[in-house]
1. Using only the Cα atoms of the chain, each taken as one equal point scatterer with no solvent, compute I(q) by the Debye sum, divide by I(0), and report log10 of the ratio at q = 0.07 Å⁻¹.
2. Could you calculate the contour length gain from VAL223 to ARG46, that is, 0.36 nm times the residue separation minus the distance between their Cα atoms, to one decimal place in nm?
3. Quick one: which residues, 5 or more positions from THR126 or on another chain, have an amide H under 5 Å from its amide H? H modelled 1.01 Å from N in the peptide plane, none for Pro or chain starts.
4. For segment 177-232, with only Lys/Arg (+1) and Asp/Glu (-1) charged at the beta-carbon, what is the dipole magnitude about the Cα centre, in debye rounded to 20?
5. Looking at PRO157, TYR215, GLY139, which one has the Cα that reaches farthest to the positive end of the dipole of segment 95-236 (charges on Cβ: Lys, Arg +1; Asp, Glu -1)?
6. What distance in nm separates the simple spin-label points at ALA153 and ASP82, each placed 7 Å from Cα in the Cβ direction?
7. So what J values fall out for segment 180-197 if you push phi through Karplus, 6.51 cos²θ - 1.76 cosθ + 1.60 with θ = phi - 60°, rounded to Hz, Gly and Pro as x?
8. So, for segment 45-87, what is the accessible surface per residue at a probe of 1.4 Å, expressed in square angstrom?
Amino acid sequence: MNARVAALYCYPVKSMQGAALARAALTPGGVPGDRGWALRLRATGRPASAKRFAVLLLCRARYLDEPAPGAPPPPAEVELPDGERTRTDDPRANARLSRLLGADAAFARQEDGAGHFDASPLHVLTTASLKTMADAAGGDFDVRRFRPNLLIALDAPGRPEDAWPGRELSAGAARLRVLKPVARCVMTTLPQPGLAEDKNIFRAVFERGGALGVYARARAPAVCAEGDPVELLETP
């Protein structure tokens with residue numbers, strides 16, 4: 001398999017835009033700082049998601065200091081749709097974001113309770129699958145709609161990672177166990193900076209089984225960098 005790491009991503013706040021990374025530690029808990037924060041709804045204690053609050057995808061979050069593996073995430077800077085900036089540790093931020101959502105919410109860290117991941121903390125996707133879906137269904141299958149942590153550049157027919165669950169990958173120094181497909185939802189259709197709403201995206205994925213990409217878990221903490229080779233390992 002002639003493949004390499006095309007991009008690495010971290011999303012500091014659940015359902016907000018994140019940032020591409022030149023290199024990242026891949027750990028059993030995912031990328032350090034990924035979904036480290038969320039807006040927790042005071043009424044339910046659950047994290048707010050763009051599935052219900054689409055405006056979250058119009059916000060962008062970034063860390064001012066690099067998160068450390070195994071440590072609580074540092075504060076994140078959040079850029080709102082109007083360009084205003086705030087921070088997850090600013091005492092005025094909760095009121096500002098509550099007005100944006102139209103619901104009472106407060107920033108909270110992952111370790112404060114109520115998990116911020118839908119299923120597994122590491123999400124892997126290939127460029128082959130994105131191209132296959134775009135060729136078959138049309139539409140803008142931009143990687144930003146699918147929010148992976150690890151995008152693998154792979155020139156191959158079909159959707160190669162569909163056959164990977166139960167197998168292992170090496171990505172740079174990291175070794176990953178592939179767990180299961182990633183079930184998709186309406187978030188893939190929503191508008192975000194540079195991308196228009198496109199309901200055909202979810203319809204096309206649903207008609208082809210409802211999943212795209214795979215969840216994985218790192219065997220042990222290891223650094224992975226853009227351009228690193230990726231190999232599908234022999235089944236033990």
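The values are calculated or read from the model by the stated rules, or taken from the named source; none is laboratory data. Quick caveat: nothing in here was measured; it's all calculated off a predicted structure. Neighbour counts run over all protein chains shown; Cβ positions are idealised from the backbone, glycine included. Just so you know, the surface numbers come from the protein's heavy atoms only, side chains and all, with ligands and any DNA or RNA stripped out. Shrake-Rupley method; radii C 1.70, N 1.55, O 1.52, S 1.80 Å.
1. -0.22
2. 60.6 nm
3. Answer set, sorted by chain and number: ILE152.
4. 360
5. In segment 95-236, that residue is TYR215.
6. 4.1
7. Taking θ as phi minus 60°, the curve returns 6, x, 9, 5, 9, 9, 5, 4, 5, 9, 6, x, 8, x, x, 9, 7, 4 Hz for segment 180-197.
8. 54
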